[in-house]
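The values are calculated or read from the model by the stated rules, or taken from the named source; none is laboratory data. Note that this is a predicted model, so its numbers are computed, not measured. Don't worry about glycine lacking a Cβ; one is built from the backbone with ideal geometry, like all the others, and counts go over all protein chains shown. Areas reflect the complete protein model, heavy atoms only, side chains present, ligands, DNA and RNA absent. Shrake-Rupley method; radii C 1.70, N 1.55, O 1.52, S 1.80 Å.
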Amino acid sequence: MSKILIVNWSWYPSGGDWTYVDNICRFYESKGHEVIPFAMKDDRNLDTPFSRYFVSNIDYKNLNKNKNPVGAVSVLKNSLYSGEARRKIKQLLSENKVDLVHLNNIHHYLTPASIIPEIKKHNIPILWTVHDYVILCPNSIFISNGKVCEKCKKEKYYQCVLNKCKKGSLLASSVAAMESYINKWLDPYKDVDYFLCPSQFIADKFIEFGHDERKIVKLYNPFDVTTLENIVPHKNEEKKYIVYVGNILKLKGIFTLAEAVEGLDVELYIIGDGEAMPALQDFIEKSKMSNIRCLGRKVKQDTLSYVKGAEFVVVPSECYENLPYALIEASLLGKPVLGARIGGIPELVIDNETGFLFEQGNKVDLTGKLKKMLSLPVENLDSLGANARRRVATLTSYKNFDAQLSEVFKSLNVSL
């Protein structure tokens, strides 16, 4: 049995990254290993005896709301380099035997330059599952002013400032660029043994941006299919419906989707919340669109119920998606997916086999594909959904994940 330190900014259900953390913890525990968490303090955290090592919470939303200059300076400093995180992880590693460290989302909170050198002092191997592009792009999503952008390639992080990539703000963009330059100069990434990339797309991006190909491992995220058992489908007796699940952000393509369903004989259920929700609701109201329902955030079981009862699920992203869990869960529930042809989405959505693809941001193409899927007989949709379930179940199975990760562990002289 090994003791594995799982590092993530949160230790509570906080989004797609937590879905992965939850699944990787289940996986390691199913192999008989002990999971030790390291995260920020938060009242929503799951109970753990290791919470005494957790780092003080950084609440960016509250900081932006209160606009306290003293607090802002302190947060800015800790978001670039956290002395507390270094002290806490040093204490944890001194008091507990750890065989391997598995990093997840740590930028802006626990910070790579703070904790990785301390881990390496203890000669512990490090894996890092990359959930986004923050190692490559100061804005973390390769989006600048609403459009896909790769101007920071070859470490030209000043482009983030020149183009105000981060929220259209010169200050926020400057801080993001500064963080990237600090990590470039201190280079904590050199001490990571392997970067685990959940899609071929993100693996290719890391290599394209100059990372050592020998350290890049494409490894689809594992998923515990038992969590999808006994899901009762939601029923809409009046009209069939389709579903969008995720953050309500323009870059997620939600406005393009809303425009595309206008006049179609189907209801669109939007599950989720985000900074663009007020604008989306205003758009729906002004356009007098009666076939869109914004349901807000739902607990997991209710979300899965809506997905299982839908005709199909739409993933309309206009950014480089890694491997959306909304897509994985829909497929494993036997639902075909209509997805944008961008990022890692086409790796799971095989056109006319497990669903359909459309050109991202193209309302006309999206509307056409919506009409096509809505016109299909039920047995055709069921066939697409069955194909999707088989494909994704294979790619995300514990068995496949185990086989590939075993090779990684073996190279690190750690038993899996």
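So what is the accessible area of the stretch 247-335 per residue, in Å², with the probe set to 1.4 Å? Spell out each step's value before the answer.
Numbers: 3500 Å² over 89 residues.
Result: 39 Å² per residue.
Residues of the stretch 154-240: accessible area per residue at 1.4 Å, in Å²?
Numbers: 4830 Å² over 87 residues.
Accessible surface, normalised per residue, equals 56 Å².
Projected area of the chain, taken from the Cα convex hull and averaged over every viewing direction, in nm²?
Numbers: hull surface 80.2 nm².
Projected over every direction and averaged, the Cα hull of the chain covers 20.0 nm².
Tell me, what ³J(HN,Hα) does each residue in the stretch 241-258 have, in order and in whole Hz, if you take phi through Karplus 6.51 cos²θ - 1.76 cosθ + 1.60 with θ = phi - 60° and put x for Gly and Pro?
With the stated coefficients, the stretch 241-258 comes to 9, 10, 10, 10, 10, x, 5, 8, 9, 4, 5, 7, x, 5, 6, 4, 5, 4 Hz.
How far, in degrees from 0 to 90, does helix 69-80 lean away from the longest principal axis of the Cα atoms of the chain, to the nearest 10?
80
Suppose the chain between Asp204 and Lys121 were pulled fully straight at 0.36 nm per residue; how much longer would it get relative to their current alpha carbon spacing?
26.8 nm
Out of residues 5 or more away from Leu100 or on other chains, whose amide H comes under 5 Å of its own, with H placed 1.01 Å from N in the peptide plane?
Hits under the 5 Å cutoff: Lys3, Leu5.
Return the single residue from Gly246, Gly146, Gly355 with maximal mean-square fluctuation; model: Gaussian network over the chain, springs between Cα atoms under 10 Å.
Taking springs between Cα atoms under 10 Å, the residue moving most is Gly146.
If you bin every alpha carbon distance in the stretch 15-56 into 5 Å steps from zero, what whole percent lands in each bin?
Once binned at 5 Å, the Cα pair distances of the stretch 15-56 give 5, 20, 26, 26, 18, 4, 0.
Can you check what the net charge comes to around His33, using other residues whose Cβ is under 13 Å from the Cβ of His33 (Lys, Arg +1; Asp, Glu -1)? Mind dumping the intermediate values first?
Details: positive: Lys3, Arg26, Lys31, Lys97; negative: Glu29, Glu34, Asp99, Asp402.
Local net charge: 0.
With each run of n ≥ 4 DSSP H residues scored as -39500 (n - 2.57), what mean residue ellipticity at 222 nm is computed for the chain after dividing by its residue count and rounding to the nearest 500 deg cm²/dmol? Write down the numbers at each step before the final one.
On the way: 16 runs with 171 residues, N = 416.
Taking each H run of at least 4 residues, the total per residue is -12500 deg cm²/dmol.
Among Lys90/Lys164; Lys166/Lys371; Lys190/Lys300; Lys147/Lys218, which pairs are too far apart, with a Cα-Cα distance over 28 Å? Let's see the in-between values first.
Numbers: Lys90/Lys164 36 Å; Lys166/Lys371 36 Å; Lys190/Lys300 37 Å; Lys147/Lys218 26 Å.
Result: Lys90/Lys164; Lys166/Lys371; Lys190/Lys300 exceed 28 Å.
With each pseudo-label sitting 7 Å past Cα toward Cβ, what's the Arg293-Lys147 distance in nm, one decimal?
Inter-label distance under the simple model: 3.8 nm.
Anyone know which of Val299, Val130, Val313 comes out most mobile in the 10 Å Cα GNM of the chain?
Val299
Which residues' amide hydrogens lie under 5 Å from the amide hydrogen of Val55, considering only partners 5 or more residues apart or on another chain, with H built in the peptide plane?
Under 5 Å from the amide H of Val55: Ala39, Met40, Lys41.
Over the stretch 203-336, what is the mean sequence separation of C-alpha contacts under 8 Å (at least six apart), divided by residue count, expressed as relative contact order in percent?
Working: 166 pairs, mean separation 40.5, N = 134.
Dividing the mean separation by the residue count of the stretch 203-336 yields 30 percent.
Using amide H atoms built 1.01 Å from N in the peptide plane, name the residues 5+ places from Ile143, or on other chains, whose amide H lies under 5 Å from its own.
Cys149
Nearest 0.05, what FRET efficiency do Ser169 and Asp191 give at R0 = 35 Å with Cβ-Cβ as r? Could the numbers behind the result be given before it?
Details: r = 32 Å, r/R0 = 0.91.
The computed FRET efficiency comes out at 0.65.
Could you tell me what % of all Cα pairs in the stretch 282-410 have separations over 17 Å?
On the way: 5210 of 8256 pairs.
Distances greater than 17 Å cover 63 percent of the Cα pairs.
Relative contact order for the chain: what percent, with Cα pairs under 8 Å and sequence separation of 6 or more? If you can, show how the numbers build up before the last one.
On the way: 731 pairs, mean separation 53.1, N = 416.
Relative CO of the chain lands at 13 percent.
When the gyration tensor of the stretch 304-367 is built from Cα positions, what are the square roots of 5 times its three eigenvalues, in whole Å, from largest to smallest? List each step's numbers first, then the result.
Values: eigenvalues 64, 32, 22 Å².
Semi-axis lengths for the stretch 304-367 are 18, 13, 10 Å.
Given the options Glu262, Glu359, Glu379, which has the most mean-square fluctuation in a GNM of the chain, springs set between C-alpha atoms less than 10 angstrom apart?
Glu379
Once fully extended, how much extra length lies between Gln301 and Lys399, figured as 0.36 nm per residue of separation less the alpha-carbon to alpha-carbon distance? If you can, show how the numbers build up before the last one.
Details: separation 98, 0.36 × 98 = 35.28 nm, distance 2.51 nm.
Contour length minus the Cα-Cα distance gives 32.8 nm.
Evaluate 2.2 N^0.38 Å with N set to the residue count of the stretch 71-150, then give the Cα radius of gyration divided by it.
Values: Rg = 14.9 Å, N = 80, 2.2 N^0.38 = 11.6 Å.
Computed over Cα atoms of the stretch 71-150, the ratio equals 1.28.
From the phi angles alone, apply the Karplus equation (6.51, -1.76, 1.60; θ = phi - 60°) to the stretch 308-314 and give each ³J(HN,Hα) in whole Hz, x where the residue is Gly or Pro.
Residue by residue, the stretch 308-314 yields 5, x, 7, 5, 6, 10, 10 Hz.
Count neighbours as other Cβ atoms within 10 Å of each site's Cβ, and list the chymotrypsin sites (Phe, Trp or Tyr not before Pro) in the stretch 98-157 that are DSSP loop with at most 11 such neighbours. Walk me through the numbers on the way to the answer.
Values: sites: Tyr109, Trp128, Tyr133, Phe142, Tyr157; in loops: Tyr109, Tyr133, Phe142, Tyr157.
Answer by residue number: there is no such site.
Just flag the GluC sites (Glu not before Pro) in the stretch 206-259 sitting in loop per DSSP whose Cβ has no more than 14 other Cβ atoms within 10 Å.
Working: sites: Glu208, Glu213, Glu229, Glu237, Glu238, Glu259; in loops: Glu229, Glu237, Glu238.
Answer in residue order: Glu229, Glu237, Glu238.
Testing the spin-label approximation: label points 7 Å from Cα along Cα→Cβ at Glu229 and Arg390. State their distance in nm.
2.3
Could you go through the stretch 142-154 in sequence order and give the Karplus-derived ³J(HN,Hα) for each residue, using 6.51 cos²θ - 1.76 cosθ + 1.60 with θ = phi - 60°, rounded to whole Hz, and x for Gly and Pro?
6, 10, 9, 6, x, 10, 4, 9, 10, 5, 7, 4, 6
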